[in-house]
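J.: Let me begin by handing over the structure; questions about it come next.
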Amino acid sequence: MRVGIIGFTFLTLTTMAVAQPPVPQLQAVFPAGAQRGTTVEATAFGNQLQTAFAVWVSGEGVKGEVTKAENNRVQLRLTVAPDAPVGERDLRLVTKGGVSNRIRFFVGTLPEINETEPNNTVAQAQPIANLPIVINGTLNPGEDVDCFRLTLKAGQTITADLMAQRLFPYLPSSGGQPGYLDGVLVVRDNNGRELAFCDDIFHRPDPALAFTAPADGDYVLEVHDLSYRGSVQFVYRLTVGTLPVVTHYLPLGWQAGTTVRLMLSGLMLNGRVLADVFVPPSPPQLVTVLPCLDGQPLAPLPLVSVPFPVAWEVEPNDTPEQATRINPPIGVNGTIYRAGDVDCFVFTAKQGQRFVMETWAWRLNSPVDTVLEVLNRQGNLLAANDDHPDGLKRPDSYLEWTAPSDGDFVVRVRNRLNEGGDGLAYFLVVRPFQPDFEVRVNEDNPRVPQGGTVAIPIAVVRREGFAGEVTVTLADVPSGWQVRPLVLPPNRNDGVLTITVPDNAPLGAIPLRFVGKAQIGDATVTHDAIGLETVQYVDQQRQDVVKTVVLGIVEPLPLRLTTPEAVEGKVGSGVTIAVRVERRGDFKGAVQVSVQNLPPNAKADAVTIGEGQSDGTITVQLAANTPAGVYTLLVQGQGKVGEQNVMVVAPAVRLTVHPAQ
């Protein structure tokens, strides 16, 4: 991974923040995409944006600059290289308060234009001179409707594909309304008569339609929200032309490092169309492939990449007697062809043999809500699962199962929604039990003051019986940075690692890559972490995966803390941690110090390092029943500068707890 900092590159401190300025909140960027090989002027909307000075975009080939910044609006210039990879990016603004949340930005291959208001009626419809085209628009507050005029020949067929929910899938809402732009497409004649209508397609909230002109003339394509709502976040991308629109496809998973022939279905595809794609070599994970037709790329599609053979279901397989035989480890592509359809697969197991069974459907944009069941040959139910225990993977299904005896057993897949069709596909994985883990970073845009320390919240998800120690650290550490890794013992699944940057760290943004390492049997296993953002969806919060965790480096604070890298003690004893306050500028006030992430049953009272003093200690009292092991402690400090409370953290302290004897 190439590490680069976006921002100012001066190496001396010019200002000192009394308290950190507010974190920027980005609501939308318009337009939300651009064609390869073009430069576009864009506007970012949000709060606390007045100090914006840089743009950060994930991946290669997209560069941005700030041309004008106001409190809630920033003008941007975005340049997309001719060879920039097609697809979704994360775009963030960089301000003196740090790095904003991400907004999705798409790189495409077609020419693009922006809507022009007013265009609310058939009479005001914006003329579209050339097809194919991507129209960038926004449904503004106040029952906004956007209309576009197309001149078509009799018998000419065009498609219109709206991207709106896919741009902003999680938005606050109320009154039972969806937490996204619930788009509608309408085709009208010149008199306003409705000729075609679509409010979703193939269980997808974003609509798409195909329309054949009955006569030469002008037609109006209309876009609005189903409830005629509007918002600065109701940004959309509307693709119009004689273009295929893929609504579903097979297979959903394939063997890594091989080529697979996709069967594409949708609008203007005249049945299933075949396209070959290469499946990247990788561990079992979600990858993105880019099918092409006649040399032109279509929309990127998600695919599961697995390191073992893949098969297809064979109908009829509705009963255990008709079950398709499989030999784990294996992936199976299947389809719920009709309402009530069930798919059965039979395999042979030895008593005590442990297996993992998992479906992929919802995560691949298939509308199947799978239920996974294990039966014996007599059809008796042995185990079942509806929703994955991992909230990020619901409502797909997951089972860990142990064979009770030698013999054949049946895996049965059905749709809980009792719907069927040739697009209701799933990918089933059946493989031997393999203890493992995942690492997740629970903050996607942390910030750190120059010369200061930031605590990064980390969670480990243990799978399939893994209960060992996990060490998480930062990869590709820049020169002069100090990282104190997080060590999670078997009885703990979350904590923090700390990063300390030098005084001359350039203000700006830098992507971070975190790695977890553990010993599993005889093997040392490492995994890259995924980053998570917390989003407000309707009236609740949920987590969503981001492409990259990005650190914002901001101006220095008037104080910082230093601590020893490691301390140790015995169960039932007290452990003293030395803490030093380094004051900068005119700050001489008292600092209250506390310890977080204590071992089970341990206690530590906060202490105050008095005005003008530099050194103090804080004691962690280990209980008689505190488990022995290695723990990562976080020391925090709070001081008052004028009327502002300033919070800082110290580099993490590794505590080793030894048995009492």
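J.: Using 1/(1 + (r/R0)^6) with R0 = 25 angstrom and r between the beta carbons of residue 526 and residue 658, what's the FRET efficiency to the nearest 0.05?
T.: Values: r = 28 Å, r/R0 = 1.13.
The formula returns an efficiency of 0.35 here.
J.: Now for a different question. Report the paramagnetic label zone for residue 351: residues of the range 384-409 whose backbone N is under 17 Å from a point 7 Å from Cα along the Cα-to-Cβ axis.
T.: Once the point is set 7 Å along Cα→Cβ of residue 351, 402-409 turn out to lie under 17 Å by backbone N, inside the range 384-409.
J.: Okay, moving on. Could you compute the net charge surrounding residue 493? Neighbours are other residues with a C-beta less than 11 Å from the C-beta of residue 493; K and R count +1, D and E count -1. Write down the numbers at each step before the final one.
T.: Details: positive: 440, 462, 492; negative: 438, 494.
So the environment of residue 493 carries a net charge of +1.
J.: How charged is the neighbourhood of residue 217? Take every other residue with its Cβ under 15 Å from the Cβ of residue 217, and add Lys/Arg as +1 and Asp/Glu as -1.
T.: Values: positive: 149, 153, 188, 193; negative: 189, 216, 218.
Net local charge, residue 217 excluded: +1.
J.: Now for a different question. If you average the sequence gap of Cα pairs under 8 Å that are 6 or more apart and divide by the length of the range 374-466, what percent do you get for the contact order?
T.: Working: 88 pairs, mean separation 20.4, N = 93.
Here the relative contact order equals 22 percent.
J.: Let me ask you something else. For 203, 527, give the ranking by accessible area with the largest first, probe 1.4 Å. Don't skip to the answer; put the middle values down first.
T.: Values: 203 105, 527 50 Å².
Most to least solvent-accessible, the answer reads 203, 527.
J.: At 1.4 Å probe size, put 195, 252 in order of accessible surface, largest to smallest.
T.: 195, 252
J.: What is the range 239-379's relative contact order, in percent, from Cα pairs under 8 angstrom and six or more apart in sequence?
T.: Working: 248 pairs, mean separation 24.7, N = 141.
RCO, the range 239-379: 18 percent.
J.: Given a cut-off of under 8 Å on Cα pairs at least six residues apart, what relative contact order in percent is computed for the chain? Kindly include the intermediate steps, with their values, before the conclusion.
T.: Details: 1918 pairs, mean separation 71.6, N = 661.
Result for the chain is 11 percent.
J.: Another question, then. Between residue 204 and residue 628, what FRET efficiency follows from the Cβ-Cβ distance if R0 is 60 Å, with the result rounded to 0.05? Kindly include the intermediate steps, with their values, before the conclusion.
T.: Values: r = 53 Å, r/R0 = 0.89.
Efficiency, rounded to the nearest 0.05: 0.65.
J.: Please work out whether the range 240-342 counts as rounded, prolate or oblate from its C-alpha gyration tensor, where a ≥ b ≥ c are the square roots of the eigenvalues and a/c under 1.5 means rounded, while otherwise a/b larger than b/c means prolate and anything else oblate?
T.: Values: a/c = 2.78, a/b = 1.34, b/c = 2.08.
It is oblate, given that a/c is not under 1.5 and a/b is not larger than b/c.
J.: Using protein chains only and a probe of 1.4 angstrom, how many square angstrom of residue 344 are accessible, to the nearest 10?
T.: Answer for residue 344: close to 0 Å² accessible.
J.: Farthest toward the dipole's positive end in the chain, which of 213, 147, 599, given Cβ charges of +1 (Lys, Arg) and -1 (Asp, Glu) about the Cα centre?
T.: 599
J.: I would also like to ask the following. Could you give the nm distance between label points at residue 596 and residue 644, where each point is 7 Å from its Cα heading toward the beta carbon?
T.: 2.0 nm
J.: Quick one: if the Förster radius is 30 Å, what FRET efficiency do residue 261 and residue 322 give, using the C-beta to C-beta distance and rounding to 0.05? If you can, show how the numbers build up before the last one.
T.: Values: r = 27 Å, r/R0 = 0.89.
The calculated FRET efficiency here is 0.65.
J.: Report the dimensions of the chain along its three principal axes from the alpha-carbon atoms, largest first, rounded to Å.
T.: 86, 70, 45
J.: How charged is the neighbourhood of residue 251? Take every other residue with its Cβ under 15 Å from the Cβ of residue 251, and add Lys/Arg as +1 and Asp/Glu as -1. Could the numbers behind the result be given before it?
T.: Numbers: positive: 261, 272, 363; negative: 276, 313, 343, 422.
Here the count lands on -1.
J.: Right, next: From the cross-link list 570/640; 68/96; 517/603; 68/547; 63/393; 393/547, which pairs have alpha carbons spaced over 24 Å apart? All intermediate terms of the calculation are to be shown ahead of the outcome.
T.: Numbers: 570/640 36 Å; 68/96 15 Å; 517/603 29 Å; 68/547 27 Å; 63/393 33 Å; 393/547 17 Å.
Going by Cα-Cα distance, 570/640; 517/603; 68/547; 63/393 fall outside the 24 Å limit.
J.: On to the next question. What residues of the range 503-546 lie in the reach of a label at residue 461, counting those whose backbone N is under 16 Å from a point 7 Å from the Cα along Cα→Cβ?
T.: Hits in the range 503-546 for residue 461 at 16 Å: 516, 527-535, 542-546.
The values are calculated or read from the model by the stated rules, or taken from the named source; none is laboratory data. The model shown is predicted, which means the values in this text are computed figures rather than measured ones. Positions of Cβ are backbone-derived with ideal geometry, glycine not excepted, and every protein chain shown enters the neighbour counts. To get the accessible areas, we keep the full protein, side chains included, count just its heavy atoms, and leave off ligands, DNA and RNA. Shrake-Rupley method; radii C 1.70, N 1.55, O 1.52, S 1.80 Å.
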